[in-house]
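Inspection log for the structure reproduced underneath, given as structure tokens.
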Amino acid sequence: VQLVESGGGLVQAGDSLRLSCAASGSTFSMRVMGWYRQAPGKQRELVATLTSRGGKANYGDSVKGRFTISRDNAKNIVYLQMNSLKPEDTAVYYCYAKNLGPDYWGQGTQVTVSS
């Protein structure tokens with residue numbers, strides 16, 4: 001399974017950005033897809049995940065109310081709409097997917113928010 005992210009970039013504080021991640025190489029819908037991020041000198045942290053069954057979303061505390069996760073189960077694509085971006089959102093954002101086996105990770109896309 002390969003995860004390919006897109007949509008990162010440089011924005012100003014208060015701007016919006018949408019990330020996309022497409023999973024390929026699997027004929028099954030990933031049970032969980034989502035996003036984690038890692039800022040320089042910090043541990044990787046949860047941004048948001050979404051299940052394919054029931055559509056249960058789980059958000060990290062720092063993004064609740066500002067970020068929205070969604071997915072196209074048929075195409076195995078997950079999106080992250082990021083609004084009201086802050087400089088502290090600056091990080092490499094990694095796509096994550098899991099079915100019944102191992103965890104899968106994308107290569108990451110840089111999001112930089114300037115003040």
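Using the per-residue mean of other Cβ atoms lying within 10 Å as a proxy for protection, in what order, highest first, do the peptides 29-41, 45-57 fall?
For the peptides 29-41, 45-57, the packing ranking is 29-41, 45-57.
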Legend entry - Whichever lysines have a C-alpha closer than 29 Å to that of K42, once near sequence neighbours (fewer than 8 apart) are set aside: K56, K64, K86, K98
Legend entry - Distant alpha-carbon pairs in the range 23-63 (separation over 14 angstrom), percent: 55 percent
Legend entry - Order by protection proxy (mean Cβ within 10 Å, highest first), peptides 107-113, 83-89: 107-113, 83-89
Legend entry - the range 1-44 - Rg over Rh from alpha carbon coordinates, Kirkwood radius: 1.05
Legend entry - Kirkwood-based Rg to Rh ratio, the chain, C-alpha trace: 0.96
Inset, instruction - Over the range 76-115, with every protein chain in place, what whole percent of the accessible area is carbon and sulfur at 1.4 Å, could you tell me? - result: 49 percent
Legend entry - Accessible area (Å², per residue) of the chain, counting only protein heavy atoms and a probe of 1.4 Å: 54 Å²
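The values are calculated or read from the model by the stated rules, or taken from the named source; none is laboratory data. Since the structure is predicted, the reported quantities are computational estimates derived from the model, not experimental observations. Don't worry about glycine lacking a Cβ; one is built from the backbone with ideal geometry, like all the others, and counts go over all protein chains shown. When the accessible area is computed, the model is the full protein with side chains, heavy atoms only, and any ligands, DNA or RNA have been set aside. Shrake-Rupley method; radii C 1.70, N 1.55, O 1.52, S 1.80 Å.
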